[in-house]
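The values are calculated or read from the model by the stated rules, or taken from the named source; none is laboratory data. The structure presented is a predicted model; accordingly, all values stated were derived computationally and were not measured. Every residue, glycine as well, gets a Cβ built from its backbone with ideal geometry; the counts of neighbours run over all protein chains shown.
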């Protein structure tokens, strides 16, 4: 596994970094305060093609591999984790499933717009089913050439900015095999957008509830065959967990840089606090965890790119990166002391943003289950 960036990746990274630092960084704190990211930010990302990173060029995308995608997401997350999750969700579980599992007709209808400015969302969780996702109760009843959807969804990222929702609903009996996937457009009769969540972090990232009251969705908008929806969802979440790891890596790296800068500038007892051994130990441990997180993340992406089984590696990367991000951002606040607790300094935002990453797209507890079950089934890989 070669960890060196290619010349093309260096060009991409530098271009994304310039965009993020020049166009987004000056506004990230205000986006957090206002709990709103302007459409112009999404438009700038679309101009660079970053809404179609994983989609092949023949369908309007950039055709990036997983290592390039996580590099881009990390760069965005260093500036705004809220913007990074919008981009990551759109790419991994909004647009890509239509390419991977859709018909040519579905690809022709949706991918040109989803790679050029329109946003996609994913709708699996419900008020009564989170980690136990296959217990969902939203139904899709076949009636002629339409499915009639009824039910409620929550934790829908990109909810108000979205053109298409990938919705999981029950077409058959209980359990995973009774679930199907549907592409639902935002103007579908019977689809109602609910309240936005007032979140602790990732403010500016739009998170809402959805309700379906006899919503009529054409049969042509079913993604895959009946009963394949849960399999589609799980395969996309496996890839999405690598993206969450990249978000966490970006946030903790930004917090670490702020902590080092502050420790070198802040004076106490006549010298920078960076000379205090207790602070040095914190900084050293922060970098150690960041470097370990990066290696786990790179391995998961490399396995995916090389066509190998990456599910266990993705869960390991997601688990370690997100828990490391919580720890690193917490310690960044500690290095700042009282100033770390006020909004004048970005580290308090980094901590609030990092905390939820241990929860969405599979909690830390779920990741440990995935890792343990894979290990017991396939054997130890060390």
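Every residue, every condition in (1) assigned to a helix (DSSP H, G or I); (2) surrounded by fewer than 22 Cβ atoms within 10 Å (Cβ to Cβ), yes or no:
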| site | (1), (2) |
| --- | --- |
| 215 | no, no |
| 227 | no, yes |
| 235 | yes, yes |
| 238 | yes, no |
| 247 | yes, no |
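Being in contact (Cβ under 8 Å) with a residue 40 or more places away in the chain, under 30 Å from residue 2 (Cβ atoms), in a helix (DSSP H, G or I) and touching a helix residue (DSSP H, G or I) at 6+ places or on another chain (Cβ under 8 Å) narrows it down to one residue among 41, 84; which is it?
Details: 41 fails: under 30 Å from residue 2 (Cβ atoms).
Residue meeting the stated conditions: 84.
Yes/no matrix, rows are residues, columns are (1) in the same structural domain as residue 253 (by TED's automatic domain parsing); (2) over 18 Å from the mean Cα position of the chain (by Cα); (3) closer than 15 Å to residue 202 by Cα; (4) modelled with pLDDT of 95 or more:
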position: 28; (1), (2), (3), (4): no, no, yes, yes
position: 39; (1), (2), (3), (4): no, yes, no, no
position: 46; (1), (2), (3), (4): no, no, no, yes
position: 52; (1), (2), (3), (4): no, no, no, yes
position: 69; (1), (2), (3), (4): no, no, no, yes
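Only residues that are surrounded by 14 or more Cβ atoms within 10 Å (Cβ to Cβ) and part of a loop (DSSP other than H, G, I, E, B): list them for region 103-157, please.
Passing the criteria: 115, 116, 117, 118, 124, 125, 130, 136, 137, 138.
Can you find a residue that is within 30 Å of residue 63 (Cα to Cα) and either without any contact (Cβ under 8 Å) to a residue 40 or more places away in the chain or assigned to a helix (DSSP H, G or I) (or both) anywhere in region 272-291?
Checked against the condition, which is being within 30 Å of residue 63 (Cα to Cα) and either without any contact (Cβ under 8 Å) to a residue 40 or more places away in the chain or assigned to a helix (DSSP H, G or I) (or both), region 272-291 yields at least one hit.
Given 359, 371, which one is under 24 Å from residue 233 (Cβ atoms), at pLDDT 95 or above, surrounded by fewer than 19 Cβ atoms within 10 Å (Cβ to Cβ) and in contact with a helix residue (DSSP H, G or I) (Cβ under 6 Å, 6 or more places away or on another chain)? Before you say what the answer is, go through the steps one by one.
Details: 359 fails: in contact with a helix residue (DSSP H, G or I) (Cβ under 6 Å, 6 or more places away or on another chain).
Exactly one residue qualifies, and that residue is 371.
So which of 187, 198 is under 26 Å from the mean Cα position of the chain (by Cα), assigned to a loop (DSSP other than H, G, I, E, B), in the same structural domain as residue 126 (by TED's automatic domain parsing) and under 24 Å from residue 105 (Cα atoms)? Explain how you work it out, then say what you get.
Values: 198 fails: under 24 Å from residue 105 (Cα atoms).
Exactly one residue qualifies, and that residue is 187.
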